[in-house]
Amino acid sequence: MKKLLIIVLLLPLFFMMNVPYSTAAGGTIERIDGANRFEVAVNISKKGWSTTGNTVVLANANAFADALSAAPLAYYKNAPILLTQKDQLTAITKQEMIRLSPSEVILVGGEGSISDQVISEIKSLGIHNVRRIAGSDRFEVSAAIAAELPASSKIVIADGTKFPDALAIAPYAARNGYPILLTLPNSLPSTIQNAVKARNAQSSIVVGGLASVSSQVASQLPAPQRIGGSDRYEVAANIIRQLNMKTDKVFLATGLSFADALTGSVLAAKQNAPILLTHSNYLPEATKKIIIEKSIINFTVLGGLASVPANVVNQTALSLLGLTIVVDAGHGGSDTGAVGNGLKEEDITLDVAKRLQSKLSAQGAKVIMTRTSDTYPTLTERVEMANSIGADVFVSIHINSSTSPSASGTETYWNRTYAAAESKELATYIQRELIDELGTKDRGVKEANFYVIKNSKMASVLTELAFISNSNDAKLLKTSTFREKAAQAIFQGISAYWKNQ
């Protein structure tokens, strides 16, 4: 399938236009942004509620405490969550309320979160049914919200002193009608204890590790299932794993502030999509790992460039996502391969193969190594491994040798038995990159009947990096710099090949 390539320098322009665009991996990325969190909330509202809404849920834009439990209620009411200052509606929020013309507005939190002045402003818009769900603290508010939801067999418990875990679970909880009840990390507030009893739920989901919800708290809950992680990013990823959530589309929000994930959580629930969290400076490893694991290619980014910068979003578009590659380190075990100038072929090929594996995996490829230590899989076993898993690419790494000490350079082989055109194309790309990176003599792309490339049914190549029998080549082969460049070149060759399929 031909993939559409996007020039990286143009990506920020697409983001600011709020227009979905295709990525090199064949997916789409859409950003819902705005000048501030109020505008982001409004744009989310416009996206999910294009016509008049019966209800609007209103939360304080600067305090997450009361709002953490709001998503299931908003979803139940088919309502967007809009944001307000404590004492005043912003102009853009007011305009959105006029557009929606709701018959009901629900304020989440007491007067300490949203003052009565805001109620007066809402009523001045001709909206007279304005009510408040309040409590003496965030725990009581979450219990009060839960009381508004229909009976459910399950409840969700999250740390009420921090926002990420509650917001990561929000789309799932909302879509399934499970209330999000808040707790202190080391004690279950009496208000929540009573709410748990009142709902008579049969089981519970505990979101977060032991530092967020202790074992003591979990022990007071019905049949608790914990979804933990080493940090907020891994918790969000594990929610997808453990709850087997659909990942046809995933929402991506900053994990450093709550507003965009809060207002976006209801839209995510409507679209049956989970939320992943990211750092503002980089895509966390846990987030990247679940993207690779689930082959996620379609994203809705919540918030502007200040919240989720373009370079972070670019990291989601993994160029080799969906590609299965067998990396074959030649020889090994009882077969040392070529020997010369104090070097063994089996050692060099394994080193380069491991470096290549790391680079390919980082771009989303599923990498199968024929060996990862000093062992010797037979040639038949290597081929059967590739054929049995239906690999897309097979690359065998070797070091050359000759009776002539003057022989030197790099060459790459292909075979016409299976996938002839693809194999020759792959060999051409890899050879070109090897010569550019290594600066060795170009011995060209050649056809040969080596067993592993003759019998592998996918695009298959065998590359000879340099001559172990040549003193100058051997000096290069001894260095980690040369081996790293070789791995980088093969990676670049595979990437170039895959982009053109």
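Summary of values
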read-out: Cut-off 12 Å between beta-carbons: net charge of the residues surrounding N272, Lys and Arg +1, Asp and Glu -1; value: +3
read-out: Region 71-185 - percent relative contact order, Cα under 8 Å, separation 6 or more; value: 30
read-out: Residues of region 61-101 with amide N under 16 Å of the 7 Å Cα→Cβ point at E111; value: 86-88
read-out: Rh (Kirkwood; distinct C-alpha pairs) - the chain, Å; value: 25.4
read-out: H128 paired with A448, simple spin-label distance in nm, labels 7 Å along Cα-to-beta-carbon; value: 8.8
read-out: Computed [θ] at 222 nm, helices only, for the chain once each DSSP H run of length n ≥ 4 contributes -39500 (n - 2.57); value: -12000 deg cm²/dmol
read-out: Lysines with Cα under 18 Å of K354, excluding same-chain neighbours fewer than 8 positions away; value: K344, K366, K478, K485
read-out: Kirkwood hydrodynamic radius (C-alpha pairs) into Stokes-Einstein, region 324-499, 10 °C and 1.306 mPa s, D in µm²/s; value: 102
read-out: Separation of the K46 and L256 label points, Cα + 7 Å toward Cβ, nm; value: 2.7
read-out: Flagged links, alpha-carbon separation over 25 Å, of K270/K294; K47/K154; K77/K246; value: K47/K154
read-out: For a label point 7 Å along the Cα-to-beta-carbon line of N54, residues of region 63-83 with backbone N under 14 Å; value: 74-80
read-out: Net +/- balance of residues flanking T375 in space, Cβ distance below 12 Å, scoring K and R +1, D and E -1; value: -2
read-out: Cα gyration tensor category, rounded, prolate or oblate, for region 33-134 with a/c compared to 1.5; value: rounded
read-out: Hydrodynamic radius of region 152-244 per Kirkwood, over alpha carbon pairs, in Å; value: 12.8
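Throughout, read-outs are computed from the coordinates displayed, never taken from laboratory work. Computed from a predicted model, the values in this text were never measured in an experiment. Neighbour counts are summed over all protein chains in view; Cβ atoms, including those assigned to glycine, are modelled from backbone coordinates with ideal geometry.
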